[in-house]
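In what follows, a single structure is set out as structure tokens and then discussed.
We did not get these values from a lab; they are worked out from the coordinates using the rules stated. Everything numeric here is computed off the predicted structure, so don't read it as measured data. As a convention, Cβ positions derive from the backbone with ideal geometry for all residues, glycine included, and neighbour counts pool all protein chains shown.
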Amino acid sequence: MTQTDQFPPKDVQCKCGNVLTLDKQSDWCTKCVRKVFYHQKNQRRHQFNTIYLAVMALAIVFFLVYAFIEMVIIPMSKL
């Protein structure tokens, strides 16, 4: 299903207690501004993707710091 597909209306409760009627895959809660999903599996996929992106960003930052230390700091300290 694509983002534009319509679903039958379904009442979904957010973690904050607000009840939304969804007719699409996901929407934002109007009370706490969290993402609310029509299907539970999409919520788990969203959490996994968020964690994956955070880990990849940390890995890139650590690699850049390591490369900077190896290529700039260590040779400069030997002078």
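Taken one residue at a time, the phi angles of the range 56-63 give Karplus couplings (6.51, -1.76, 1.60, θ = phi - 60°) of 5, 5, 4, 4, 5, 4, 5, 5 Hz. Gly and Pro are set to x. Across q = 0.13 Å⁻¹, the chain modelled as identical point scatterers on its alpha-carbon atoms has Debye log10 I(q)/I(0) values of -0.57, in the order of the q list.
In a simple Cβ point-charge model (Lys, Arg +1; Asp, Glu -1; nothing else charged), the chain has a dipole of about 200 debye relative to its Cα centre. Amide H to amide H distances under 5 Å link V36 with D27, W28, C29, where only residues 5 or more positions off or on other chains count and H is placed in the peptide plane. Toward the positive end of the charge dipole of the chain, with +1 on the Cβ of Lys and Arg and -1 on the Cβ of Asp and Glu, the farthest Cα among C32, F62, H46 is that of C32. At an R0 of 22 angstrom, the distance between the Cβ atoms of L53 and T21 translates into a FRET efficiency of 0.15. Label-to-label distance, N42 versus A67, with points set 7 angstrom from Cα along the beta-carbon direction: 3.7 nm. At an R0 of 25 angstrom, the distance between the Cβ atoms of I60 and R34 translates into a FRET efficiency of 0.40.
Our helix-only sum for the chain, with -39,500 (n - 2.57) per DSSP H run of n ≥ 4 divided by its residues, gives a mean residue ellipticity at 222 nm of -14000 deg cm²/dmol.
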